[in-house]
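Chemist: Please read through the structure below; I'll follow up with questions.
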Amino acid sequence: MDDFWYCPSLSCRTLIYKGMLMPEQVGKYFRDLSDPDMDTALALVHSRFSTNTFPSWERSHPYRYIAHNGEINTLRGNINWMFARQPQLESELFEPGDIEKIKPIVNTNGSDSAMFDNVFELLVLGGRSLPHAMMMMIPEPWSGHESMSEEKKAFYEYHSCLMEPWDGPASVAFTDGTMIGATLDRNGLRPSRYYVTKDDLVIMASEAGVLPVPPENVAIKGRLQPGRMFIVDMQQGRIVPDEEIKAKIA
């Protein structure tokens, strides 16, 4: 494909605003964000300068499902394995030959974050939950883990036959409009800190202090641990602990 175009969102649950903008310019450029009728229970925001790729509009975050702080160090192997698997794709929901239209799954014109999002989107739209797909792509260090349950070890061992880890110093935030969360790489090389306020506001960011929160209004604060996941389920109206959601999936 010589001409590349990118549709940032085509969803009934999420709207994606992206651009090569300073944070203070976003609300001025996208005027609907300041409209009184604009109302949401969650938001995923990303602001950074380009590091290992040249800055361009299509590479700016967020993507369809994720925003990413870090680097994927195993990218070349991950891409090659995805191209090798493409001939195995099949679905009874596609007319004969139509599944070819979604290939290539990975758009190599994108950044490491965009390519991660390509694969994550495939796994989610293929029927897996967001935490399930994230456990496949960024697994915990499970081999030889003495305190991990046998069920969870079996989950990771089975899925290692389907998907190799997308490894590197990475904190990945994700949402589908009904659930929002983040996961940290197995080595914990990127910070992810969170506050939960007494009036039920949950804030997670790469550092503390991104929003002004009076200390007396903080109910819980902490940091995401290596290999762990932080989930807020909007339908259940609660934070789902890492142990609970992974045990259920396993």
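The values are calculated or read from the model by the stated rules, or taken from the named source; none is laboratory data. None of the values given here were measured: they were computed from a predicted structure. Cβ coordinates were reconstructed from backbone atoms using ideal geometry, including for glycine residues, and neighbour counts include every protein chain displayed. Heavy atoms of the whole protein, side chains included, go into the accessibility calculation; ligands, DNA and RNA do not. Shrake-Rupley method; radii C 1.70, N 1.55, O 1.52, S 1.80 Å.
Chemist: Hey, any idea what % of the range 96-250's accessible area is carbon plus sulfur with a 1.4 Å probe?
Modeler: Summing carbon and sulfur atoms, their accessible area is 52 percent of the total for the range 96-250.
Chemist: While we're here: Note down the net charge around SER147, summing +1 for each Lys or Arg and -1 for each Asp or Glu among other residues with Cβ under 12 Å from its Cβ.
Modeler: -2
Chemist: Between the range 51-126 and the range 178-229, what is the separation of their alpha carbon centroids in Å?
Modeler: Cα centroid to Cα centroid, the span is 27 Å.
Chemist: Running a GNM on the chain with Cα contacts under 10 Å, which residue among GLN235, GLN88, GLN25 ends up with the highest mean-square fluctuation?
Modeler: So, out of GLN235, GLN88, GLN25, the one fluctuating most is GLN88.
Chemist: Test of understanding: given the chain, find the longest segment containing no GluC sites (Glu not before Pro) that are in a DSSP loop and have at most 11 other Cβ atoms within 10 Å. Kindly include the intermediate steps, with their values, before the conclusion.
Modeler: On the way: sites that count: GLU90, GLU92, GLU146, GLU207.
Free of exposed loop sites, the longest segment is 1-89.
Chemist: Grab the DSSP H runs of the chain that are 4 residues or longer, score each as -39,500 (n - 2.57), total them, divide by all residues and round the 222 nm result to the nearest 500 deg cm²/dmol. It would help to have the intermediate numbers written out before the result.
Modeler: Numbers: 6 runs with 58 residues, N = 250.
Dividing the helical sum by the residues of the chain leaves -6500 deg cm²/dmol.
Chemist: Okay, moving on. What is the total of Lys pairs in the chain with C-alpha atoms under 13 Å apart, excluding same-chain pairs fewer than 8 positions apart?
Modeler: Total qualifying Lys-Lys pairs in the chain comes to 5.
Chemist: Continuing with this model, one more query. Between ARG223 and PHE54, what FRET efficiency comes out of the Förster formula 1/(1 + (r/R0)^6) with R0 = 41 Å and r the beta carbon distance, rounded to 0.05?
Modeler: On the way: r = 32 Å, r/R0 = 0.79.
In this case the efficiency is close to 0.80.
Chemist: Along Cα→Cβ, 7 Å out, is where each label goes; now give me the distance between the ones at GLN88 and ILE249 in nm to one decimal.
Modeler: Each label point is offset 7 Å from its Cα along the Cβ direction, giving 1.9 nm.
Chemist: Within the chain, what's the longest run with no chymotrypsin sites (Phe, Trp or Tyr not before Pro) in a DSSP loop and at most 11 other beta-carbon atoms within 10 Å? Give the range, please. List each step's numbers first, then the result.
Modeler: Numbers: sites that count: PHE4, TRP5, PHE49.
Segment 50-250 is the longest.
Chemist: Right, something else. Using Cα springs under 10 Å in a Gaussian network model of the chain, which residue among LYS153, LYS101, LYS221 shows the largest mean-square fluctuation?
Modeler: Evaluated over the chain, the most mobile residue of the options is LYS101.
Chemist: Along the positive direction of the dipole of the range 24-83 (beta-carbon charges: Lys, Arg +1; Asp, Glu -1; about the Cα centre), which of GLY70, LEU44, TYR29 reaches farthest?
Modeler: So the residue we want is GLY70.
Chemist: With springs only between Cα atoms under 10 Å apart, run a GNM on the chain and tell me which of HIS68, HIS145, HIS132 wobbles the most.
Modeler: Taking springs between Cα atoms under 10 Å, the residue moving most is HIS145.
Chemist: Also, I was wondering about something else. Express the accessible area of the chain per residue in Å², computed with a 1.4 Å probe while the remaining protein chains stay in the model.
Modeler: On the way: 15000 Å² over 250 residues.
With the other protein chains kept in place, the chain gives 60 Å² per residue.
Chemist: Near ARG238, within a Cβ-to-Cβ distance under 12 Å, what is the net charge of the other residues, with Lys and Arg +1 and Asp and Glu -1? Write down the numbers at each step before the final one.
Modeler: On the way: positive: none; negative: ASP200, ASP233, GLU244.
Net charge around ARG238: -3.
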